[in-house]
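First up is the structure itself, then whatever we jot down about it.
The values are calculated or read from the model by the stated rules, or taken from the named source; none is laboratory data. Given the structure is predicted, the values throughout are model-derived calculations rather than measurements. Neighbour counts are summed over all protein chains in view; Cβ atoms, including those assigned to glycine, are modelled from backbone coordinates with ideal geometry.
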Amino acid sequence: MPVQGIRTVSAARNGVGAFILQCKRIDFHYCDWAGSSRGMVGYLKHRLESFAKENPQIEIRVSPRPQKHPVVKGHYINGREKAICVRNLDLQQIAQKVNLLKEASGEKLKRTKKPVTSMNESVRGIWSPYHGGLKTV
Amino acid sequence: MKRLQLLRWSSSALSPGFRTGSRLQRNVYAGLRHQSSASPALQAENESVTEEQPPGQPIRKLSPEEQRLHLPSPPIKAARESAKLAALHGRLYLPSRLPLETLARTLVDPSADPNPNFNNESLAILGHDLMTYYTSEHLLCTYPRLPLTVVFAAMFAYVGPKTLAAMTREWGVEYAAAPGGEVDPGLLQFKRMAPGTNLNTDTAISTTRPNPDRKSWRHSLSSRIVYDDEFGDITTESNTAVRGATPDQASASFVRAVMGAIYLHAGRPAAKRFFEQHFLSRHLNITELFNFSQPARDLSRLCAREDFEPPVARIISETGRKSRHPVFVVGIFSGKDKLGEGAGGSLMEARSKAAVAALKGWYLYSPLEVRVPSSTEENGAAPWKPVHVDLGEVIV
Amino acid sequence: MVTAISSLKRPFLALPFLLPSLSECAAFEFRRNQSSYRRTKQRLRVKPDASFGPSLNQFEDHIIYNPPSSTPSIYHTPTKFLPPDDIRRSLSTDASKNQDNTDGLPTVFKKPAEKKYHLTPSDIEEIRRLRLNDPMTWSRWKLAKRFDCSPMFIGMVCEASPEKKEIQKQVLEAVQSRWGRKRRMAREDRQLRKENWGRD
C-alpha cells in the first residue's frame, strides 16, 4: 500500500467554534447564625437568583455549613476546584468573588510569557539556516 | 448514508411514550433492585427508601421514590428537576426547542436501559450518520486528492469514538457510577464492563462481504469502501446490554445522540451549525496523517501518470559532506519546476523527505472556494456547481 | 563592511583591537576588554538587504517576492500540480518559479539513468535461464553487467530460486550472529529512523 493513514485525535480549541464555560458548578456554603456569614446570606437572598438566571450553564448548590465561615467553591471541567472563603465580606465583594470563580478556567495560575499561543503553524515557517537568500555581511 | 431507519427513529424519538405498567410490574416481580445512588443531590430524598424488603412480602402500592428504584433509567419527569441537566443544556447553548427530556434521553446508553423507547440508540444512529456525512463531504470537497486511507484517518480524528469521548469530557459530562431510576438524569448512564472482559469478542454485523469468516484474508481498500464503516474498520456489534459498555463507547453514543436530537427538534440548519462549531472547529493537522513507505517510487509513478517530466533529485545546498553531521538540502524537480524539497543528514534521507513533501503537495491540493453539497439544502441557495474530482491516489 | 563603516566614524587609533600590533605594544593597564556591549552592538549593526527597501528606479506597483528563510510550506501546492482550471496557475509570478540554474544543480545520483530498451525477449529468456541454473555465478549484479541493464531490471524480470534464497538467508544470519549488542542496536535504530522518513 503506497500511503497509510495515521490515526490521531483532533484537538479542541475552546472558543474558536463553540465556547464552553469551564466553570461547571458553584457551591455556596453559609451559616445561619454566625456574623461572618451576614454578607453571604444577603447575597443568597438578593443576588443569587439573578446570577443563576444570567448563567444557566453553571449548576448552583446552596448548603448550610453551621459554625463555619462562608465559602464559595467553583468546580471546573478539568476536574480541579477553587474555594474562596468569603467571611465578613459584604454583598458587593462576594459578587466579585463569584464572578472571579465563574470566569476562571480552573487551571493553576501561571505567568504567560508570550502574547499569543497558537496551535497553527507560523505563516513564515520555522527559521532554517539553509534557506532564504544568504546575506553577505 | 447507511443504516438510516426513518420510521424507527421518528416514531420513537418524537413521541416519548410513558412507561407501561407491565414493564414496571415485571421488574418488581423479577426482583428488587437497590442501587447506591450516584447523584449527591438526590441522595437525601432516597435515603428513606433504601431499606431492604423481605422477598416474601405481598406487593403493596409503591411510593414514587420506590418506583424510581426499580426503573433502569431516570423517569421522564425527573429531567425537569435536575440542575446538572439544565446546566449542560445551557453550557452547550442548545436550542430552546430541544427539551430537557430529550437531552436526558441522550444520556442513557443502551447498556443502561435496553428499551429502545428510553435509550439513546435511535438518536445516536441518526446523529452518527449526520456527523459522518458532514465530515466526509467537508474532507472530500476541501482536499479532493486525499488518499482514501488518509480520509479514513481524518474521519477518525474528527468524529471517531476517541474524539467523541474527549468531547464528552470537555463538555463537563460526568459518568454515573451505575445506572438506575434514582440517578440524577444529568449524568451519563451506562452499565460498566466487568474488569477483565475481552473486548475483541464483538461479532461482525453481517454484510454482503464475501467470505466474512476468513479473518486472515487481506481486505483491499476498495472492499473497505463498500463493506466497512466510515473509518475503514469492519462494522462490529457488541452486545452492550449484557456485557456493559466502556466509558468511551457510552460517551460516543451520547455525543452522537445530541447531534441527532438537535436535528430532530431544531432542524437541519441548527444541526449543521452545531457540527461546524463543535467538530469542524477542532484542530487537526492533515499533513501529519500521512505515512509513506516508498515516496520516491510513488512520486515517479505519479509523474508518469500525469504526463510530467520524470522527477530528478538535485542537491540545492549542503554543509560539508565529510563533516560529522552534514546536512543536505535536496529538491525534486520535474523539468524546470521544483516539486518539493527536504533536508536530511544523508542524501537518501533528504531525497526521501523531498519526495514526501512533493507528494503531500499533490495530495493536499485544496480549491479556492470550497462549497459542500449540503449547503444547497438551504432555501435560496445557489445551484450546485461540480467540484474538482481527482483521478485518485497513486496506485503502484 | 562594518569595520569600514566604524573606521569612517572615528579615528583608527581609537580602535586598538583593529590594529593588533599597536594594541600589543600598548601598556597592559591601558588594554581594554574587547567584547564590550557597545562594540558588539556596533558590529552587529548591519544594513538591511537591498530588497527590503523601496526600489528607487522602479515606480510600478508590483509584488515583491521575498521567500522566508524556512522550508517551504507543505500546503503550498506547486504550480505544476494545480489543475488546469485553477486560477492560481495564472497568478504565479515569474519570480516564484525563477529557478534560473536548475540544470546547473548537481544531481543526487552520479548520473541519471537513461533507458535504452535494448533487450529482446530472447535475452530475457537467457537471463532467466542463467539465474535459475547457476544462481551462485550469475548474481543480479553480474547479469546486469553482462546484459548492460540495471540490477533492478534483473529483479523485475526474474526471481531467484528458493534454494538460493535459503542460502542467502543463512549467510545473512551467519553475519548477523557475529554482531554484538552495540552494532545490533545501531542497525535497529537506523531502521527505525528510516521508517520515520515517510511520516515526516
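Annotations
- Close Cβ contacts (under 7 Å, 6 or more residues apart or on different chains) running from residues in segment B:368-390 that are in contact (Cβ under 8 Å) with a residue 12 or more places away in the chain to residues that are among the basic types (Lys, Arg) and in a helix (DSSP H, G or I) comprise B:SER374/B:LYS272; B:GLU377/B:ARG268.
- The residue of segment C:167-188 that is nearest to C:PRO135 (Cα to Cα), among those that are in a helix (DSSP H, G or I) and among the basic types (Lys, Arg), is C:LYS169.
- Flag if B:ALA165 is within 14 Å of another protein chain (Cβ to nearest Cβ), small (Gly, Ala, Ser) and surrounded by fewer than 24 Cβ atoms within 10 Å (Cβ to Cβ): yes
- Output for segment B:83-142, where each listed residue is among the hydroxyl-bearing types (Ser, Thr, Tyr), closer than 16 Å to B:GLY186 by Cα and within 14 Å of chain A (Cβ to nearest Cβ): B:TYR93
- Taken over segment B:99-124, the criterion of being surrounded by fewer than 20 Cβ atoms within 10 Å (Cβ to Cβ) and under 16 Å from B:TYR263 (Cβ atoms) is satisfied by B:PRO99 alone.
- Output for segment B:345-365, where each listed residue is in contact (Cβ under 8 Å) with a residue 12 or more places away in the chain, more than 7 Å from every other protein chain (Cβ to nearest Cβ) and surrounded by fewer than 20 Cβ atoms within 10 Å (Cβ to Cβ): B:GLY345, B:SER346
- Test for B:ALA350: is it under 29 Å from C:PRO84 (Cα atoms) and part of a helix (DSSP H, G or I): no
- Picking from residues in segment A:1-25 that are facing another protein chain (nearest Cβ under 7 Å) and of a type in the set (Lys, Arg), the one that is nearest to B:PHE290 (Cα to Cα) is A:ARG7.
- Residue count, segment B:212-254 (criterion: among the hydroxyl-bearing types (Ser, Thr, Tyr) and under 15 Å from the mean Cα position of the chain (by Cα)): 5
- Qualifying residue in segment B:257-277 (condition: touching a Ser or Thr at 6+ places or on another chain (Cβ under 6 Å), surrounded by 15 or more Cβ atoms within 10 Å (Cβ to Cβ) and of a type in the set (Gly, Ala, Ser)): yes
- Among the residues of segment A:59-92, those that are outside any strand (DSSP E or B) and touching a helix residue (DSSP H, G or I) at 6+ places or on another chain (Cβ under 6 Å) comprise A:HIS69, A:PRO70, A:VAL86, A:ARG87, A:ASN88, A:LEU89, A:ASP90, A:LEU91.
- Qualifying residue in segment A:67-88 (condition: more than 18 Å from the chain's Cα centre (by Cα) and either surrounded by fewer than 13 Cβ atoms within 10 Å (Cβ to Cβ) or closer than 25 Å to B:VAL173 by Cα (or both)): yes
Rundown of residues vs (1) loosely packed, with under 12 Cβ neighbours inside 10 Å; (2) under 30 Å from B:ILE395 (Cβ atoms); (3) β-branched (Val, Ile, Thr); (4) at pLDDT below 95, yes/no style:
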residue	(1), (2), (3), (4)
B:ASN198	yes, no, no, yes
B:LYS215	yes, yes, no, yes
B:ARG218	yes, yes, no, yes
B:TYR227	no, yes, no, yes
B:PHE231	no, yes, no, yes
B:THR240	no, no, yes, yes
B:ARG243	no, no, no, yes
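- Flag if B:VAL173 is within 14 Å of chain A (Cβ to nearest Cβ) and either among the charged types (D, E, K, R) or closer than 23 Å to B:ARG371 by Cα (or both): no
- Qualifying residue in segment B:183-203 (condition: hydroxyl-bearing (Ser, Thr, Tyr), assigned to a loop (DSSP other than H, G, I, E, B) and more than 10 Å from chain A (Cβ to nearest Cβ)): yes
- Test: residue in segment A:111-130 that is assigned to a loop (DSSP other than H, G, I, E, B), within 14 Å of chain C (Cβ to nearest Cβ) and surrounded by 15 or more Cβ atoms within 10 Å (Cβ to Cβ): yes
- Count of segment A:2-29 residues, restricted to those that are free of Cβ contacts under 8 Å to residues at least 60 places away in the same chain and farther than 21 Å from A:ALA104 by Cβ, is 10.
- Flag if B:GLU369 is under 19 Å from C:LEU82 (Cβ atoms) and either in contact with a Leu (Cβ under 7 Å, 6 or more places away or on another chain) or part of a loop (DSSP other than H, G, I, E, B) (or both): yes
- Qualifying residue in segment C:156-166 (condition: in a helix (DSSP H, G or I) and surrounded by 13 or more Cβ atoms within 10 Å (Cβ to Cβ)): yes
- Restricting attention to segment A:44-79, the residues that are without any contact (Cβ under 8 Å) to a residue 40 or more places away in the chain, hydroxyl-bearing (Ser, Thr, Tyr) and within 14 Å of chain B (Cβ to nearest Cβ) add up to 1.
- For segment B:230-275, the tally of residues that are in contact with a strand residue (DSSP E or B) (Cβ under 9 Å, 6 or more places away or on another chain) and free of Cβ contacts under 8 Å to residues at least 60 places away in the same chain stands at 7.
- Residue list for segment B:287-324, filter: away from chain A (no Cβ under 11 Å) and crowded, with 17+ Cβ neighbours inside 10 Å: B:ALA296, B:SER300, B:CYS303, B:PHE308, B:PRO311, B:VAL312, B:ALA313, B:ARG314, B:ILE315
- For the criterion of being in a loop (DSSP other than H, G, I, E, B), more than 9 Å from chain C (Cβ to nearest Cβ) and on the phi > 0 side of the Ramachandran plot, B:GLY380 passes.
- The listed residue being buried (at least 21 other Cβ atoms within 10 Å of the Cβ) and under 27 Å from B:VAL389 (Cβ atoms), out of B:LEU339, B:LEU284, B:LEU368: B:LEU339
- Every listed requirement among (1) more than 14 Å from chain A (Cβ to nearest Cβ); (2) within 26 Å of A:SER122 (Cβ to Cβ) is met by B:PHE328 save one, (1).
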